[in-house]
Amino acid sequence: MVIKVYIASSSGSTAIKKQQQDVLGFLEANKIEFEEKDIAANEENRKWMRENVPEDSRPACGNPLPPRLFNDSRYLGDYNAFFEARENNAVYAFLGLTAPPGSKVGEHL
């Protein structure tokens, strides 16, 4: 199982940049392995992300924006879903991973 975080390295939106930094920083701080997939520098990444975000998770108009999280090819959610899981100490369950023993970001969701 590989956590994939789709980001845009050259986003004009400061909100998107902050959200991406928040997700990546959290994963790094908790030593959660992940792959960073840049949709700005790689057309294949952009196409794959847009095709694999479920219809009910897409914006009413326009394309899905980063950050978006996947476990292999299974869609996990956007920044808001990640943030909610983090607030509820359920990041590992959200990511579909087993929490390490004694982890304070537990498994319950």
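Between 93, 41, 60, the residue with the greatest mean-square fluctuation in the GNM of the chain (Cα pairs under 10 Å linked by springs) is 60. Relative intensity of region 57-107 on a log10 scale, I(q)/I(0) at q = 0.15 Å⁻¹, equals -0.44, per a Debye sum over C-alpha point scatterers of equal strength in the absence of solvent. Scalar couplings 3J(HN,Hα) for region 8-13, obtained by applying the Karplus form with A = 6.51, B = -1.76, C = 1.60 to θ = phi - 60°, are 10, 5, 10, 8, x, 8 Hz; x denotes Gly and Pro.
Over the chain, dividing the summed -39,500 (n - 2.57) contributions of all DSSP H runs of at least 4 residues by the number of residues returns a 222 nm mean residue ellipticity of -11000 deg cm²/dmol.
Across region 27-41, coupling constants 3J(HN,Hα) worked out from phi with the 6.51/-1.76/1.60 Karplus curve, θ = phi - 60°, read 4, 5, 4, 9, 6, 8, 5, 7, 10, 8, 10, 8, 7, 7, 9 Hz, and Gly and Pro carry x.
Cα centroid separation, region 28-104 to region 1-26: 9 Å.
Stokes-Einstein D for the chain at 37 °C, 0.692 mPa s, Kirkwood Rh over Cα pairs, in µm²/s? It would help to have the intermediate numbers written out before the result.
Details: Rh = 14.2 Å.
In µm²/s, the coefficient rounds to 232.
Given R0 = 35 Å, the distance between the Cβ atoms of residue 41 and residue 15 translates into a calculated FRET efficiency of 0.95. Under 5 Å between amide hydrogens, built in the peptide plane, is the criterion, and for residue 68 it picks out 6 among residues at least 5 positions away or on other chains. Of the solvent-accessible surface of the chain, computed with a 1.4 Å probe and all protein chains present, 47% belongs to carbon and sulfur. Probing with 1.4 Å while keeping every protein chain in the model, the per residue accessible area of region 24-109 equals 60 Å².
The values are calculated or read from the model by the stated rules, or taken from the named source; none is laboratory data. If you're wondering where the values come from, they're calculated on a predicted model, not measured in any experiment. Here Cβ is always computed from backbone atoms with ideal geometry, including for glycine, and neighbour counts include all displayed protein chains. In case anyone asks, the SASA skips ligands and DNA or RNA and just uses the protein heavy atoms, side chains included. Shrake-Rupley method; radii C 1.70, N 1.55, O 1.52, S 1.80 Å.
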